[in-house]
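The values are calculated or read from the model by the stated rules, or taken from the named source; none is laboratory data. Everything numeric in this text was worked out from a predicted model, so none of it was measured. Cβ: placed from backbone, ideal geometry, glycine included. Neighbour counts: every protein chain shown. Note: accessible area is taken over every heavy atom of the protein model, side chains too, but ligands, DNA and RNA are not part of it. Shrake-Rupley method; radii C 1.70, N 1.55, O 1.52, S 1.80 Å.
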Amino acid sequence: MFRISRRNLLVSSAALAAGAGLGLGRAVAQSDATATLKLQTFGGDAELAGINSAIQRFNKAYPNVTVEVSIDPISTGWGDYVTKVLGQFTSGSAADVYGTAIETFQAFSARGLFLPLNDFVAANSGFSDFAPSLFEQGSYNGNINYIPIGWNNIMINYNRDLFDKAGVAYPARGWTWEQFRETAKALTVKDGSGNVSQFGYEVPNQNFFVLPWFFSNGTNILSADWTASNMLDPKVAETLQFLYDLIHVDGVSPIPGAEAMDNQFFAGQVAMINRGQWIVQNAKKNNLNMDIAVPPQKEKEATIIGFGAYAIAKSAANADLAKALVLELTSEETQREQGERGGGVPGRKSAASSEAFLAFPPSAFLYYETLPFTTPVPSPANFQEVEKIFIRHYTAMMSGQETIADGTKAADAELSESFTRLKQQLGG
């Protein structure tokens, strides 16, 4: 769901608590509990700032509890994060609280790593501020394992200055694939030799970014229940052909590379990209006149949603303290701060309705308005394999190294083998 370039950090709450207080203006009963909690989470500057503030509030009630934070930028994908976390449990070095994302939920829950939190959720009425669907998507076999935080749905992020310069109207709700294609052509700038100085669009290079194209065509790369490949659906090939043509026929996008084109977008060299709300923090830093639009539709209006959440390890020695920390990490104060900094759409509607959150981009209201027709990112327990298989063949097809017919067949075969292995591993 998140793609943020930042080195891993290790932060101790003792150092954080030494700073100035937050001035919350409320009495806090102090506990004499003494412990150390380990928090393994993900994100960048916006997420870290909100976590730091939450830990400061937590330490007002638990001054003798140290929280050690390890934050991962997820720069190489959620599959690698799954591998990292599984390694921590295997080696006996698991954290107490984990920040993670929907891409990993089944991979972790199927292995029984986290506590069921049904009673915890029922006992805290404040969780009613979250969309119920987030808890449903955070459940496995009837147990809530994940408490939601921020979420992201992929939107078309576009540079309004480039639209204005080209005399192109801003995208309207309900625009079609062909309207998008013509818009991308109009926003592509080439010199007399055909060299491109400004691309109309970036054909995505990542699983999360590209899937809305399939959803808007009424299909998916996996079956609806995430238990099998759907790569042989003709609509999958049709979607891939459309993206291929944007690159090789229309010339509005380069071939997807290893690096995403965020920097080129901020520099005005790409007019439109598929991203989530997390891009807002860097758009503000770069003074980019940006707005968002709902992805174009072929068969229906659709986009993808991925969201973050906190879970508590079954191995946690201080589960009650871990739950108290999660309450602060998912509080309205934390959600508001992270959302306004650009760390994702707050899971709490109260935080997502704040004036500051809705101030930028101009159509920020669309993040929440599109929630009813979002589709969760397909996240089976073998997600780390599924993502790598799909992206490897997808990039080969987009570059012309594989034909779409051969690529979809090869991906289907590999995905089918992966799901067979998964069933064997889980005793199916």
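Of all residues in the range 371-417 being of a type in the set (K, R) and within 28 Å of G344 (Cβ to Cβ), which is modelled with the highest pLDDT? In this case the residue turns out to be R392.
Results for (1) assigned to a loop (DSSP other than H, G, I, E, B); (2) of a type outside the set (G, A, S); (3) over 20 Å from I51 (Cβ atoms), shown as yes or no for each residue.
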{"position": "T76", "(1), (2), (3)": "yes, yes, yes"}
{"position": "Y81", "(1), (2), (3)": "no, yes, no"}
{"position": "L86", "(1), (2), (3)": "no, yes, yes"}
{"position": "A95", "(1), (2), (3)": "yes, no, no"}
{"position": "Y98", "(1), (2), (3)": "no, yes, no"}
{"position": "T104", "(1), (2), (3)": "no, yes, no"}
{"position": "G112", "(1), (2), (3)": "yes, no, yes"}
{"position": "V121", "(1), (2), (3)": "no, yes, yes"}
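Look at (1) open to solvent by less than 30 Å² (accessible area, probe 1.4 Å); (2) touching a Gly at 6+ places or on another chain (Cβ under 9 Å); (3) among the basic types (K, R) and you find that R275 fails only one, number (2). Against the condition touching a Pro at 6+ places or on another chain (Cβ under 9 Å), more than 30 Å from E259 (Cβ to Cβ) and either among the small types (G, A, S) or in the same structural domain as I312 (by TED's automatic domain parsing) (or both), how does N118 come out, does it pass? No: the conditions fail for N118. Would you kindly identify the helices (runs of 4 or more DSSP H) lying entirely within the range 215-300 that contain at least 3 residues that are farther than 28 Å from T76 by Cβ and within 19 Å of the chain's Cα centre (by Cα)? Hits in the range 215-300: none.
Within the range 179-195, being under 22 Å from F265 (Cα atoms) and open to solvent by 50 Å² or more (accessible area, probe 1.4 Å) holds for Q179, E182, K185, A186, V189, K190, D191, N195. Among (1) over 30 Å from F89 (Cβ atoms); (2) at pLDDT 95 or above; (3) buried (at least 17 other Cβ atoms within 10 Å of the Cβ), which single condition is E337 missing? Of everything listed in (1) over 30 Å from F89 (Cβ atoms); (2) at pLDDT 95 or above; (3) buried (at least 17 other Cβ atoms within 10 Å of the Cβ), E337 misses just condition (2). Where residues in the range 262-271 are in contact with a helix residue (DSSP H, G or I) (Cβ under 7 Å, 6 or more places away or on another chain) and open to solvent by less than 10 Å² (accessible area, probe 1.4 Å), which of them is farthest from N157 (Cα to Cα)? The qualifying residue farthest from N157 (Cα to Cα) is V270.
Just checking, how many residues over the range 32-47 are closer than 14 Å to P73 by Cα and open to solvent by 20 Å² or more (accessible area, probe 1.4 Å)?
Here is the first cut: in the range 32-47, the ones closer than 14 Å to P73 by Cα are 40-47.
Checking which are open to solvent by 20 Å² or more (accessible area, probe 1.4 Å) leaves us with 45.
The qualifying residues number 1.
Find the residue count for the range 160-200, including only residues that are of a type in the set (S, T, Y) and assigned to a strand (DSSP E or B). Outline the logic, then answer.
Of the range 160-200, the ones of a type in the set (S, T, Y) are 170, 176, 183, 188, 193, 197.
Keeping just the survivors that are assigned to a strand (DSSP E or B) gives 176, 197.
The total comes to 2.
Only a single item in (1) buried (at least 21 other Cβ atoms within 10 Å of the Cβ); (2) within 23 Å of S353 (Cα to Cα); (3) at pLDDT below 95 is not met by N157, and it is number (3). For the range 54-95, which positions are among the hydroxyl-bearing types (S, T, Y) and surrounded by fewer than 21 Cβ atoms within 10 Å (Cβ to Cβ)? Answer for the range 54-95, where residues must be among the hydroxyl-bearing types (S, T, Y) and surrounded by fewer than 21 Cβ atoms within 10 Å (Cβ to Cβ): T66, S70, S75, T76, T83, T90, S91, S93. Only residues that are in contact with a strand residue (DSSP E or B) (Cβ under 6 Å, 6 or more places away or on another chain), modelled with pLDDT under 95 and either among the small types (G, A, S) or open to solvent by 70 Å² or more (accessible area, probe 1.4 Å) (or both) were counted in the range 353-370, giving 0.
Filter the range 201-214 down to residues that are assigned to a loop (DSSP other than H, G, I, E, B), of a type outside the set (S, T, Y) and crowded, with 19+ Cβ neighbours inside 10 Å, then give me how many there are.
Here is the first cut: in the range 201-214, the ones assigned to a loop (DSSP other than H, G, I, E, B) are 201-206.
Cutting the leftovers down to of a type outside the set (S, T, Y) gives us 202-206.
The next check asks that each one be crowded, with 19+ Cβ neighbours inside 10 Å; those that pass are 202-205.
Of the residues in the range 201-214, 4 are assigned to a loop (DSSP other than H, G, I, E, B), of a type outside the set (S, T, Y) and crowded, with 19+ Cβ neighbours inside 10 Å.
Selection of the range 105-136 for residues being more than 26 Å from A352 (Cβ to Cβ) and small (G, A, S) yields A107, S109, A110, G112.
Here V249 clears all of (1) free of Cβ contacts under 8 Å to residues at least 24 places away in the same chain; (2) in contact with a helix residue (DSSP H, G or I) (Cβ under 7 Å, 6 or more places away or on another chain) except the condition numbered (2).
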